[in-house]
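Novice: Attaching a single structure in C-alpha cells format; questions to follow.
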Amino acid sequence: MSRSIEDSTNELAGYGLMPSPNDQRQIVDAQHDIFKQEVTLNMGPQHPSTHGVLRLLIDLEGEIVTKITPDPGYLHRGMEKLGESMFYNQFIPYTDRMDYIAAFTSEQAFVIAVEKLLGVTVPERAKYIRVVLAELQRIASHLLWLGTHVMDIGAITVFLYSMREREAILDIFESYCGARLTLNALRVGGLPQDVPPIFKEKVREFIDGMPAHLAEYNGLLAENPIFLRRIKGIGVISAEDAISFGLTGASLRGSGVNYDVRKAAPYDAYDRMEFDVPLGTTGDVYDRFLCRMEEMNQSLRIIRQALDQMPDGPVMTDDVHIAIPSRDATMSSIEAMQRHFIITLKGFTAPAGEIYAGIESPKGELGYYIVSRGGSIPYRVHVRAPSFINLGAIPHMAEGEMIADLVAVIGSIDIVLGEVDR
Amino acid sequence: MDDKQQEKPGSATADSISQEIEALAVRKLAEKFPGLVEEVIYFRGEITVLIPKDKVIEVCTFLRDDPDLRYNMMKDMTGCDYPEREQRFEVIYQLYSLPYNQHIRVKARVGEDEPMPSVTLLWHAAYFQEKEAYDMLGIKFVGHQGLRRILLPEDWEGYPLRKDYPLEGYH
C-alpha cells in the first residue's frame with residue numbers, strides 16, 4: 001500500500017504505457033481505500049424524505065450508516081412560550097399548527113387537558129362527534145403517511161390514490177367547520193356548533209367506500225415482493241427498547257406492546273366503542289406498516305359505532321362560566337350576548353393546580369402538561385409531542401442499516417416536523 | 001386576572017378515589033425512603049410527589065424496578081420556572097406503569113446554577129427531553145452525554161421558557 005493512486009497514474013502517464021496487471025490491482029486497492037473512509041453526510045433540512053425540515057447528520061462507512069444525529073428545530077415557533085400569554089381558548093388555533101396533518105386530534109388533546117383541569121363535563125353528543133371527527137382525522141393522517149412512506153421507498157402510485165381518499169375526508173371537515181387543514185373545530189367544554197344535517201350521510205358514504213380503497217392499497221403493496229424486501233427486517237426495535245425510548249402509537253405497537261390511550265385511559269366516548277388494537281411482533285418497518293393499515297380498518301369500525309350511537313342534544317357544556325354561547329343564543333338573549341363578550345375578552349378562570357392528559361393521536365400519545373396558578377391564563381403549557389419523542393429512537397433503529405433503508409425508517413415512525421419543533 | 005373563583009386543590013370526589021388506588025406508590029416510597037417525600041399532591045385523580053433532587057435517580061430506579069409498581073415508561077419530562085422561589089426550577093417527570101396502567105408525577109426543585117442529576121441511564125427517552133429542558137430553561141443535567149441545544153440555534157442567547165425572558169425575545 002506504498003503507492004497512492006496519483007503516483008500510479010503519474011507514472012503511467014510519464015511512460016505512456018498501459019498499466020501492468022500489478023498496477024491495475026494497486027489502482028483498485030487505492031480506490032477501495034477511498035470508499036472505506038468514513039463520510040459525514042448532511043441530510044436535510046430540505047430533503048423530500050424527511051417529511052418537513054428535519055436535518056440529520058449521518059456518518060457513513062460505505063453504504064452503512066454508523067451514526068445518526070438528528071438536528072430538529074428549523075420550524076421552532078415557541079408554542080409553549082406563546083401558550084403562557086393567552087387564554088385557554090385562544091391557544092386552540094396554535095395547536096392546529098403543531099400537528100398540521102392531524103389538526104383535529106392536536107386540538108382535542110389540548111381541549112381535553114383543559115377540561116380535566118376545569119373539571120367540566122362535556123355533553124354526550126359532543127363526545128360522539130369528537131370521536132367521529134378524530135377517527136376521520138386518524139384515517140386522513142394515516143393516508144398521508146401511507147402515500148409519502150411508500151413513495152419514499154419507490155411505490156409512487158399509492159400516493160395518488162391515498163390523496164384522493166384524504167380529499168374526501170377534508171371535504172367532510174370543510175362541511176363541518178369551513179376549514180380543511182387548520183380546523184379550529186373545538187372549544188373548551190364542547191364544540192362551537194353542531195354538525196350540519198348532511199354530515200352523517202356524508203360520513204357514511206365515505207366509510208362505506210373506504211374498505212374497497214384499503215383493499216386497493218393492500219393489493220398494490222401487501223404482496224408486492226419489491227416493497228416487502230424493502231421493509232421486512234429493517235429498523236428493528238425491541239419492545240424493551242421501545243418502552244425505554246418512550247415510543248407510543250403504532251411505533252410502539254409494532255414492537256408488540258399493547259398500549260393504546262383509547263383503551264388504557266378512555267377519553268370522550270371511547271369507553272363505549274368496540275375495537276381491536278393491532279399489534280406487531282418483531283418491531284420492524286413492516287410491522288409498523290401493518291399496524292397502521294389495520295388501524296384504518298378499526299377507525300372505520302369506531303366511526304360506524306359512533307354514528308349509530310350518537311344521541312341528540314346540546315354540543316356545549318351548560319356551565320355558563322366556560323361555555324361560549326351559540327350564535328342563536330347571542331342573537332336572541334342579552335345574557336348570552338354578555339357572556340359571549342366576557343368569555344371572549346376575559347377568558348374563564350381555571351383553578352390552581354397541575355394536570356397531565358394525553359390522547360391517542362395518529363402519531364402516538366399526544367399529551368399536555370398544564371400548570372395553572374388560577375386566573376384565565378395558563379402558567380405553563382408543555383406539549384408531550386409524540387413526533388419529538390419518537391424521533392429520538394431513529395438513531396437506535398437505523399444505525400447499522402443501509403443509507404437507503406434510513407428513508408424507510410424515517411417514514412415508518414410517521415413524524416411531523418410542526419410537532420417536533422413546536 | 002380574577003382569582004376569586006379559585007378552587008382549593010383536592011376537593012373533588014375523584015381525588016379521594018385516586019388516593020386509595022394510588023396510595024400504593026406513596027406508601028411504598030415512604031417505606032423505602034422514610035421522610036424523603038416532601039409533599040404529596042392529589043388533584044383531578046392525579047398524584048404528584050415532590051422529592052429532593054439528589055435522590056431523583058434512586059427514587060426513579062425504585063419506581064421503575066419495584067415489582068408492584070413497575071413505572072417502566074417515562075412519558076414526559078420537562079421543567080417549569082418559578083423565579084420567586086429560592087430554587088427556581090421544577091423538573092417534572094411523568095412516569096407511567098405499562099403493566100399496571102398507573103401514572104405518577106415526580107417533581108424535584110433545582111436552583112439556577114445547581115446541577116440536576118440526569119436520568120438518561122434509566123430511560124433512553126430522557127436523552128432528547130433533557131436536551132429540550134436545557135435548551136428552553138437552562139437546567140444543567142449532570143451525566144448527560146451531549147447536553148447541547150436541540151431546537152434553538154447553538155449561538156442563541158438566553159433560555160426562552162424562563163419567566164424573565166420577554167415574549168418577543170431580545171433584539
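Novice: Do we find a residue being among the acidic types (Asp, Glu) and within 11 Å of chain A (Cβ to nearest Cβ) anywhere in the stretch B:158-167?
Specialist: Step one: filter the stretch B:158-167 for residues among the acidic types (Asp, Glu), giving B:164.
This time we only want the ones that are within 11 Å of chain A (Cβ to nearest Cβ), so: none.
Checked the stretch B:158-167: no residue is among the acidic types (Asp, Glu) and within 11 Å of chain A (Cβ to nearest Cβ).
Novice: May I ask you to verify whether A:Ile112 is surrounded by fewer than 24 Cβ atoms within 10 Å (Cβ to Cβ) and in contact with a Phe, Trp or Tyr (Cβ under 7 Å, 6 or more places away or on another chain)? Please lay out each step first, then the result.
Specialist: Numbers: surrounded by fewer than 24 Cβ atoms within 10 Å (Cβ to Cβ): yes; in contact with a Phe, Trp or Tyr (Cβ under 7 Å, 6 or more places away or on another chain): yes.
Here the answer is yes, as A:Ile112 does meet what is asked.
Novice: Here is a follow-up. Can you list residue pairs whose Cβ atoms sit under 7 Å apart, with the first residue in the stretch A:332-352 being farther than 29 Å from A:Arg380 by Cα and the second being outside any loop (DSSP other than H, G, I, E, B)? Count only pairs 6 or more apart in sequence or on different chains.
Specialist: A:Ala336/A:Ala329; A:Ala336/A:Thr330; A:Met337/A:Thr330
Novice: Further question: Which condition from (1) open to solvent by 40 Å² or more (accessible area, probe 1.4 Å); (2) in a helix (DSSP H, G or I) is the one that A:Arg180 breaks?
Specialist: Failing condition for A:Arg180: (2).
Novice: Looking at the stretch A:270-286, which of the residues that are more than 23 Å from A:Met397 (Cβ to Cβ) and crowded, with 19+ Cβ neighbours inside 10 Å is farthest from the chain's Cα centre (by Cα)?
Specialist: Residues of the stretch A:270-286 that are more than 23 Å from A:Met397 (Cβ to Cβ), as a first pass: A:270-276.
Add one more test, that the residue is crowded, with 19+ Cβ neighbours inside 10 Å, and what stays is A:270, A:273.
Numbers: A:Tyr270: 20, A:Met273: 22 Å.
Only one residue tops the list, namely A:Met273.
Novice: Looking at the stretch B:158-171, which of its residues are surrounded by fewer than 10 Cβ atoms within 10 Å (Cβ to Cβ) and free of Cβ contacts under 8 Å to residues at least 24 places away in the same chain? Reasoning before the result, please.
Specialist: Applying the first criterion (surrounded by fewer than 10 Cβ atoms within 10 Å (Cβ to Cβ)) to the stretch B:158-171 yields B:164, B:168, B:170-171.
B:Glu168, B:Tyr170, B:His171, listed by residue number.
Novice: Being surrounded by fewer than 24 Cβ atoms within 10 Å (Cβ to Cβ) and in contact (Cβ under 8 Å) with a residue 40 or more places away in the chain: is that true of A:Gln137 here? Give the steps one after another, and end with the answer.
Specialist: Numbers: surrounded by fewer than 24 Cβ atoms within 10 Å (Cβ to Cβ): no; in contact (Cβ under 8 Å) with a residue 40 or more places away in the chain: yes.
No: the conditions fail for A:Gln137.
Novice: Can you tell me which residue within the stretch B:79-103, out of those that are surrounded by fewer than 19 Cβ atoms within 10 Å (Cβ to Cβ) and acidic (Asp, Glu), is nearest to the other protein chains (Cβ to nearest Cβ)?
Specialist: Checked the stretch B:79-103; the qualifying residue nearest to the other protein chains (Cβ to nearest Cβ) is B:Glu84.
Novice: For A:Ala212, all conditions in the list (1) open to solvent by 10 Å² or more (accessible area, probe 1.4 Å); (2) small (Gly, Ala, Ser); (3) assigned to a loop (DSSP other than H, G, I, E, B) hold save one; what is the number of the exception?
Specialist: A:Ala212 satisfies every listed condition except (3).
Novice: Which condition number does B:Arg148 fail, the rest of (1) at pLDDT below 90; (2) more than 13 Å from chain A (Cβ to nearest Cβ); (3) at negative phi; (4) open to solvent by 30 Å² or more (accessible area, probe 1.4 Å) being met?
Specialist: For B:Arg148, the failing item is (2).
Novice: Report yes if some residue within the stretch B:48-56 is open to solvent by 40 Å² or more (accessible area, probe 1.4 Å), at pLDDT 80 or above, more than 11 Å from chain A (Cβ to nearest Cβ) and in a loop (DSSP other than H, G, I, E, B); otherwise report no.
Specialist: Checking the stretch B:48-56: not a single residue is open to solvent by 40 Å² or more (accessible area, probe 1.4 Å), at pLDDT 80 or above, more than 11 Å from chain A (Cβ to nearest Cβ) and in a loop (DSSP other than H, G, I, E, B).
Novice: Let me ask you something else. Which one of A:Gly83, A:Gly78 is surrounded by 22 or more Cβ atoms within 10 Å (Cβ to Cβ), within 14 Å of chain B (Cβ to nearest Cβ) and farther than 17 Å from A:Ser361 by Cβ?
Specialist: Values: A:Gly78 fails: surrounded by 22 or more Cβ atoms within 10 Å (Cβ to Cβ).
One residue alone meets the criteria, A:Gly83.
Novice: Now, a different point. Identify, by number, the condition in (1) hydroxyl-bearing (Ser, Thr, Tyr); (2) surrounded by fewer than 19 Cβ atoms within 10 Å (Cβ to Cβ); (3) under 23 Å from A:Val122 (Cα atoms) that A:Tyr267 doesn't meet.
Specialist: Of the numbered conditions (1) hydroxyl-bearing (Ser, Thr, Tyr); (2) surrounded by fewer than 19 Cβ atoms within 10 Å (Cβ to Cβ); (3) under 23 Å from A:Val122 (Cα atoms), the odd one out for A:Tyr267 is (2).
Novice: Of everything in the stretch A:229-253, what is open to solvent by less than 10 Å² (accessible area, probe 1.4 Å), of a type in the set (Gly, Ala, Ser) and within 14 Å of chain B (Cβ to nearest Cβ)? Give them in sequence order. Walk me through how you get there before you give the answer.
Specialist: Of the residues in the stretch A:229-253, the ones open to solvent by less than 10 Å² (accessible area, probe 1.4 Å) are A:231, A:235, A:237, A:242, A:246-253.
When the remaining residues are screened for being of a type in the set (Gly, Ala, Ser), the result is A:235, A:242, A:246, A:249-251.
Across the stretch A:229-253, the qualifying residues are A:Ala242, A:Gly246, A:Gly249, A:Ser251.
Novice: Inspect all residues belonging to the stretch B:104-126 and state whether any of them is away from every other protein chain (no Cβ under 14 Å), of a type in the set (Val, Ile, Thr), within 24 Å of B:Lys163 (Cα to Cα) and surrounded by 19 or more Cβ atoms within 10 Å (Cβ to Cβ).
Specialist: yes
Novice: For the stretch B:70-171, list the strands (runs of 3 or more DSSP E) that sit wholly inside it and hold at least 3 residues that are over 12 Å from the mean Cα position of the chain (by Cα); which are they? Walk me through how you get there before you give the answer.
Specialist: Details: elements: B:73-81, B:89-97, B:102-110, B:115-117, B:140-142.
Where strands (runs of 3 or more DSSP E) fall fully within the stretch B:70-171 and carry at least 3 residues being over 12 Å from the mean Cα position of the chain (by Cα), they are B:140-142.
Novice: Does at least one position in the stretch B:66-78 carry a residue that is over 29 Å from A:Ala239 (Cβ atoms) and in contact with a strand residue (DSSP E or B) (Cβ under 7 Å, 6 or more places away or on another chain)? Explain how you work it out, then say what you get.
Specialist: The initial filter retains those residues of the stretch B:66-78 that are over 29 Å from A:Ala239 (Cβ atoms), namely none.
No.
Novice: Filter the stretch A:53-67 down to the residues that are within 14 Å of another protein chain (Cβ to nearest Cβ) and open to solvent by 10 Å² or more (accessible area, probe 1.4 Å), then identify the one that is farthest from B:Met136 (Cα to Cα).
Specialist: At the first step, the residues of the stretch A:53-67 found to be within 14 Å of another protein chain (Cβ to nearest Cβ) are A:53-57, A:67.
This time we only want the ones that are open to solvent by 10 Å² or more (accessible area, probe 1.4 Å), so: A:53, A:55, A:57, A:67.
Working: A:Val53: 20, A:Arg55: 20, A:Leu57: 22, A:Lys67: 26 Å.
This residue is A:Lys67.
Novice: Quick one: would you say A:Gly256 is within 14 Å of chain B (Cβ to nearest Cβ) and either open to solvent by less than 30 Å² (accessible area, probe 1.4 Å) or in a loop (DSSP other than H, G, I, E, B) (or both)?
Specialist: Details: within 14 Å of chain B (Cβ to nearest Cβ): yes; either open to solvent by less than 30 Å² (accessible area, probe 1.4 Å) or in a loop (DSSP other than H, G, I, E, B) (or both): yes.
Against the criterion (within 14 Å of chain B (Cβ to nearest Cβ) and either open to solvent by less than 30 Å² (accessible area, probe 1.4 Å) or in a loop (DSSP other than H, G, I, E, B) (or both)), A:Gly256 qualifies.
The values are calculated or read from the model by the stated rules, or taken from the named source; none is laboratory data. Not measured: the values here are computed from a predicted model. Note that each Cβ is placed from the backbone with ideal geometry, even for glycine, and that neighbours are counted across all protein chains shown. Side chains included, ligands, DNA and RNA excluded: accessible areas come from the protein's heavy atoms. Shrake-Rupley method; radii C 1.70, N 1.55, O 1.52, S 1.80 Å.
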